[in-house]
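Report on the following structure.
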Amino acid sequence: MGNSTHFKIFRLAAYGDIGQLKYFYFAVVTVLYFVIILANALVIGVICIERSLHEPMYLFLCALFVNQLYGSTGLFPALMFYLLSDTHDISLLYCSLQIYVLYSCALTEFSNLAIISYDRYISICYPLRYNNIMTPKIICGLILLSWLTSFFINAVNISLSLRLKFCGNVLDRLYCDNYSVVKLACSNTMLNNVWGLLVTAVYVSCTIFPTIYSYVRILQICLNSSKETKQKAFNTCTPHIASMLNFLFGCLFVILQGRYETADLPPILRNILFVNFLICPPLFNPLMYGVRMVKIRHACKKVLGLNPKT
């Protein structure tokens with residue numbers, strides 16, 4: 001151990017040698033990034049401009065889309081750079097920054113989805129008390145709590161990782177992820193593992209379980225409600241459930257891939273699945289919410305000047 005090399009530079013081996021295909025992949029990634037920025041910025045702008053959308057549900061959706069832009073900025077510029085670069089080395093400092101952005105985005109996404117499910121639960125199960133519960137103070141508090149909690153947790157996470165000494169430097173990834181980096185450490189990682197398990201337990205108990213409870217209660221209410229109430233619940237909850245399942249399964253694959261061997265999968269498929277939770281939500285969520293939610297759809301048409309003239 002005394003003679004081992006301690007690395008400060010990592011190599012992202014998942015890029016490999018793709019030859020001239022790198023220009024095709026670069027074009028695809030650039031188009032995806034442009035569409036993500038355009039779609040999310042449009043919905044954010046529409047929600048901010050249209051006073052009719054200044055309601056709790058739409059403000060929570062606005063926070064969701066802002067977070068998706070934040071996470072995309074942590075992935076796409078680096079992805080585009082390394083696709084065209086002849087070397088795929090990344091410094092420990094920049095690797096830590098990327099981990100911080102992507103992990104804080106993921107935790108904030110879980111929090112935002114849980115908040116939206118809570119909002120739908122109050123709206124459908126306690127409609128008469130909704131405006132008294134979802135006050136501007138509560139709305140701002142929930143949004144700030146989701147951001148500040150994820151920022152603090154990941155600041156601790158990065159601090160624990162930066163104290164480690166690394167005896168390997170090859171990451172079989174397109175970007176830095178904390179679990180893969182910590183696996184390269186030759187110093188004691190027990191504190192990192194305990195912190196990771198603690199954060200996972202807290203976030204599962206505080207986000208996923210309440211979300212499941214909210215939708216179980218909504219389903220129970222809808223079974224005994226009028227057709228109009230069922231339709232309202234269906235229109236507002238379907239995009240959120242689809243968004244939550246897509247993000248959840250994407251994260252689940254990343255977790256399983258880090259802990260189990262996936263070498264049997266084709267490299268291109270493995271890489272696509274590995275970035276799915278960072279690409280699909282910001283790409284499809286604005287489209288899903290814009291299509292399924294009537295008020296957002298009409299507001300987008302109004303802002304874009306697509307309303308039919310009468």
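The values are calculated or read from the model by the stated rules, or taken from the named source; none is laboratory data. Given the structure is predicted, the values throughout are model-derived calculations rather than measurements. Please note: Cβ atoms are built from the backbone with ideal geometry, for glycine as well, and neighbour counts cover all protein chains shown. Accessible surface areas use protein heavy atoms only, side chains included; no ligands, DNA or RNA. Shrake-Rupley method; radii C 1.70, N 1.55, O 1.52, S 1.80 Å.
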### Residues that are over 16 Å from Leu273 (Cα atoms), open to solvent by 10 Å² or more (accessible area, probe 1.4 Å) and over 14 Å from the mean Cα position of the chain (by Cα), drawn from the stretch 238-257
Thr238, Ile241
### Query
Which ones in the stretch 292-310 are modelled with pLDDT under 80 and open to solvent by 100 Å² or more (accessible area, probe 1.4 Å)?
Leu306, Pro308, Lys309, Thr310
### Summary
Of the conditions (1) out of contact with any Ser or Thr (no Cβ under 9 Å at 6 or more places or on another chain); (2) of a type in the set (S, T, N, Q); (3) within 30 Å of Val182 (Cα to Cα), the single one that Ser146 does not satisfy is (1)
### Query
Taking Gln98, is it in a helix (DSSP H, G or I), in contact (Cβ under 8 Å) with a residue 60 or more places away in the chain and farther than 23 Å from Leu42 by Cβ?
yes
### Task
Evaluate the following for Leu145: is it more than 18 Å from the chain's Cα centre (by Cα), closer than 19 Å to Phe110 by Cα and open to solvent by 40 Å² or more (accessible area, probe 1.4 Å)?
no
### Message
What's the total number of residues in the stretch 220-234 that are loosely packed, with under 13 Cβ neighbours inside 10 Å and within 26 Å of the chain's Cα centre (by Cα)?
### Response
1
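Return the only residue of Leu245, Leu219, Leu198, Leu174 being under 30 Å from Val29 (Cβ atoms) and without any contact (Cβ under 8 Å) to a residue 12 or more places away in the chain.
On the way: Leu219 fails: under 30 Å from Val29 (Cβ atoms); Leu198 fails: under 30 Å from Val29 (Cβ atoms); Leu174 fails: without any contact (Cβ under 8 Å) to a residue 12 or more places away in the chain.
The unique qualifying residue is Leu245.
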#### Entry: First in the stretch 28-54 and at negative phi, second anywhere and of a type in the set (Lys, Arg), Cβ under 9 Å, 6 or more apart
Val46/Lys302; Glu50/Lys295; Glu50/Lys302; Ser52/Lys295; Leu53/Lys295
### Task
At least 1 residues that are within 29 Å of Ile122 (Cβ to Cβ) in each: list the helices (runs of 4 or more DSSP H) lying fully within the stretch 138-238 that qualify.
190-203, 209-223
